[in-house]
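The values are calculated or read from the model by the stated rules, or taken from the named source; none is laboratory data. Quick caveat: nothing in here was measured; it's all calculated off a predicted structure. With ideal geometry, Cβ positions are generated from the backbone for all residues, glycine too; neighbour counts draw on all protein chains shown. For the accessible areas, the whole protein counts, side chains as well, though only heavy atoms, and no ligand, DNA or RNA atoms are used. Shrake-Rupley method; radii C 1.70, N 1.55, O 1.52, S 1.80 Å.
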Amino acid sequence: MTTTPPTLQDCLALDAQDPLRDLKQLFQLPEGVIYLDGNSLGVLPAATPARVAQVVTGEWGDGLIRSWNSAGWFDLPQRLGNQLAPLVGAGPNQLVCTDSTSINLYKVLSAALNIAREDAPQRKRIVSERSNFPTDLYIAESLARERGLELVLVEPEEVLGALDEQVAVLMLTHVNYRTGAMLDMAAVTAAAHAAGALTVWDLAHSAGAVPVDLQGAEADFAIGCGYKYLNGGPGAPAFVWAHPRHASRFWQPLSGWWGHAAPFAFTPDYQPAEGIARYLCGTQPILSLAALECGLDTLHAADALGGMAALRAKSLALTDLFIELVEARCAGHGLGLATPRAHAERGSQVSLTRINPAEPSGPSGAYAIVQALIARGVIGDFRRGDGAAHPDILRFGFTPLYIGYADVWHAVEQLREVLSTGAWQAPEFNQTHAVT
Ligand SMILES: *Cc1c(COP(=O)(O)O)cnc(C)c1O
């Protein structure tokens with residue numbers, strides 16, 4: 001049985017009925033842009049420019065050093081952590097916004113290794129997926145070298161089989177950045193614990209994108225990114241969470257003064273603060289934290305409209321629609337689906353593979369197709385593959401806060417045109433840039 005794919009009119013009707021449709025007004029999206037890259041850099045919230053300006057001129061300019069106290073600068077990492085906590089299933093005072101994802105990973109992986117190996121020094125392995133985000137693998141590689149441990153990289157279907165008495169820590173990204181595949185955090189964590197290993201979860205593509213329940217899943221440590229679905233701005237502070245049973249057990253390795261129990265006592269020796277506060281390192285980037293707060297506000301604006309559950313329902317509807325329209329309207333152009341169809345296994349993005357039907361063993365054309373789309377105002381991105389198992393990918397993120405159903409329809413229509421006219425073959429779309 002075949003059904004006719006939704007029309008533009010159908011999509012406009014869905015937008016009209018969408019309870020989240022007005023949230024788009026919380027953002028400054030340029031005219032004529034359909035932004036499908038919020039999984040890489042979220043959109044500017046409309047409130048951010050004025051808020052940052054106020055922090056610069058009022059709190060810094062007028063308040064000067066007094067603002068550490070009078071403007072609440074000092075505990076901003078904790079305050080934002082408490083705002084973010086309910087979005088990822090963390091409790092109060094369990095999470096701080098600070099540093100970058102890479103740096104936070106170094107801290108938690110180091111602490112997790114200390115805890116896991118305290119009574120089991122024979123556990124010498126960190127297990128992760130080969131297709132995990134490279135910085136995660138590089139940080140783990142460095143820690144493994146430093147401590148004489150082994151980083152074991154496996155394919156997604158091999159993870160559970162790799163859990164044995166040699167594994168100290170299982171380090172995974174909840175939603176894969178390339179494919180958008182989502183793992184069952186509770187089940188995988190339970191399997192790791194049954195094997196005597198701890199878990200470190202990277203929520204870069206989960207926080208603000210899909211419901212996460214760190215405490216319900218009994219997870220051990222988590223980190224995540226502030227500039228993707230949390231709309232905190234380029235290079236926004238990231239976040240770090242440790243389960244309360246672990247938070248105070250070991251020092252994290254970057255034992256700077258902001259993680260000290262009494263930073264302004266200026267003692268020569270280090271005394272770590274209790275709990276997650278010890279995961280801070282040095283003086284915090286207040287301007288960036290102020291921008292991140294505006295990003296978190298955009299997510300909490302959905303609270304009264306059903307919160308993360310409503311965002312998730314719309315996200316799945318948008319990604320379902322995109323998949324259906326691509327399959328119906330772009331057939332015959334060598335596109336394939338890298339993202340799982342099952343809702344329980346899908347994040348908030350759709351990744352398409354491509355093999356050029358005219359030249360199956362030649363360049364995929366995926367990069368140029370994405371460039372041609374960007375020139376038409378449809379912004380997604382490209383991720384290079386490395387052979388048949390990991391082909392080149394066209395990546396499209398769907399942020400239900402500011403993407404509507406008609407946006408999806410127009411995006412697929414542009415993709416259809418770029419493919420059917422061969423517009424992507426123009427030389428200007430085939431030059432590579434530093435950041436893809
Ligand atoms: C985006 C992303 C990062 C980014 O790390 P930075 O330290 O901000 O550069 C790390 N891990 C994953 C899985 C990501 O998706």
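Results, tabulated for the structure shown:
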{"item": "In the stretch 177-203, the residues that are open to solvent by 10 Å² or more (accessible area, probe 1.4 Å), outside any strand (DSSP E or B) and under 22 Å from residue 312 (Cβ atoms)", "result": "177, 178, 179, 183, 184, 185, 186, 187, 188"}
{"item": "Residues satisfying the stated conditions in the stretch 81-104, i.e. away from the ligand (no atom under 16 Å from the Cβ) and either modelled with pLDDT under 95 or assigned to a helix (DSSP H, G or I) (or both)", "result": "81, 82, 83, 85, 86, 87"}
{"item": "Every pair of residues 6+ apart whose Cβ atoms lie under 7 Å, when the first sits in the stretch 298-323 and is of a type in the set (Lys, Arg) while the second is surrounded by fewer than 17 Cβ atoms within 10 Å (Cβ to Cβ)", "result": "312/211"}
{"item": "Residue count, the stretch 26-41 (criterion: open to solvent by 50 Å² or more (accessible area, probe 1.4 Å) and within 16 Å of the ligand (Cβ to nearest atom))", "result": "1"}
{"item": "Some residue of the stretch 60-73 being closer than 23 Å to residue 203 by Cβ, among the aliphatic types (A, V, I, L, M) and crowded, with 17+ Cβ neighbours inside 10 Å", "result": "no"}
{"item": "Cβ pairs under 6 Å, 6+ apart, first in the stretch 362-382 and under 17 Å from residue 399 (Cβ atoms) and open to solvent by 20 Å² or more (accessible area, probe 1.4 Å), second among the acidic types (Asp, Glu) and at pLDDT 95 or above", "result": "379/37"}
{"item": "Flag if residue 278 is in contact with a helix residue (DSSP H, G or I) (Cβ under 8 Å, 6 or more places away or on another chain) and of a type in the set (Lys, Arg)", "result": "yes"}
{"item": "When residues of the stretch 114-142 are limited to those that are part of a helix (DSSP H, G or I) and under 14 Å from residue 198 (Cβ atoms), the one nearest to the chain's Cα centre (by Cα)", "result": "140"}
{"item": "Residue check for residue 266: within 25 Å of residue 142 (Cα to Cα) and either of a type outside the set (D, E, K, R) or surrounded by fewer than 20 Cβ atoms within 10 Å (Cβ to Cβ) (or both)", "result": "no"}
